[in-house]
Amino acid sequence: MNEYKDTIIVTVFQIPHEGEFLDLFDRKLYMRYLEPEKQLEQLREMMAVASQENADFAVLPEFYLPHACIRKIEDIAQRYEIIIISGLDYRPQNLLINSKTLVNEAVVTIPYYNRKYREKALTKKGKCGRPYTYFIPKLNAAPKEIITMANDGYRLADGHELYVFHSKFLGSWAVLVCYDFLNLPVQKLLQGKIQTLFVVSYNQDVDAFAAIADTVERLLLCNVVVCNTGCYGSSLAFSPYRKRHKRYALKVVGNHVKTAVTVKLPMKELIDIQSRQRDFLIKEDEGEFLKRPPYFGF
């Protein structure tokens, strides 16, 4: 039986880095973080903030967390009982053959136990068990990313998997990595299947992503959360409310802004709106949410 929450609580961490971006990585060893523990220190600091806000999700930018510390990231997610969504540094596609082809992906780490909404779902083992961790591949690298990596002799692999997560408490959601936000076939595949779309990003064209987010929330009739690097700003969260001041839950403007912002986004009402079969009977000035677009979910 589904027990959807009225709202989900999302903490968005927009974090800049010091110095040049490429200087953070070992350019001779698969572009991995030179000092991965520094990233974890900031993660722990920010997760304490998300915990105080009773967040369900903590979202971080593209490239932000180190592959080498996945086990520690799982421990942090379990300690604070919050789902972590973040970009990861690059990894080789195949370590066995010393591959120069790199993979860009995001991570979703779901705590095994969460007292806020999982008490009834516990097994006989109680709280024992490891968090569930999923790796979300970037489907297509951005043109500038391809050029930047080629300068150091690397190629970038395309991803071929799209994940949709389902929870009887938090609804359904998906995660895209930066440039994939522009992928129209992916948007069509997700229409009618999710209530929240998370995008982890390292993007200079901040106005474009804001415009796309405002469009996607209407076409998919879902929440859209974009977490961008603090070097460029424009992290945002939109919900498909009819009234503009409610639709813009979050929009951070300005570069080199470090912030942690927590927002509440609709869930149960969105599921109801998405499943309506006679939405056309609602008058234009009625209803709290935007109307379903034509052929929604077909």
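The values are calculated or read from the model by the stated rules, or taken from the named source; none is laboratory data. Not measured: the values here are computed from a predicted model. Because the Cβ atoms are built from the backbone with ideal geometry, glycine has one as well, and the counts that use them run over all protein chains shown. Remember, those area values only see protein heavy atoms, side chains included, never the ligands or the DNA or RNA. Shrake-Rupley method; radii C 1.70, N 1.55, O 1.52, S 1.80 Å.
A few points about this structure:
- Partner aspartates and glutamates for Lys291 [C-alpha distance under 17 Å; skip if fewer than 8 residues away on the same chain]: Asp214, Glu217, Glu269, Asp272, Asp279
- Gly87 sits among other residues whose Cβ lies under 15 Å from its own Cβ, and their net charge, with Lys and Arg +1 and Asp and Glu -1, is -2.
- Solvent-accessible area, 1.4 Å probe, carbon plus sulfur percent, for the chain: 53
- Based on protein heavy atoms only, region 129-229 ends up with 40 Å² per residue of surface accessible to a 1.4 Å probe.
- Mean residue ellipticity at 222 nm, helices only, the chain: -7000 deg cm²/dmol; runs of at least 4 DSSP H residues each add -39,500 (n - 2.57), and the sum is divided by the number of residues.
- Accessible area of region 1-116 divided out per residue, in Å², using a probe of 1.4 angstrom: 44
- Gaussian network model of the chain, Cα within-10 Å springs - most flexible of Glu217, Glu161, Glu53: Glu161
- DSSP finds beta bridges in the chain, and of those with both partners inside it, around 65 percent are antiparallel.
- Using a Gaussian network model of the chain in which every pair of alpha carbons under 10 angstrom is joined by a spring, one finds that among Val108, Val49, Val225 the greatest mean-square fluctuation is at Val49.
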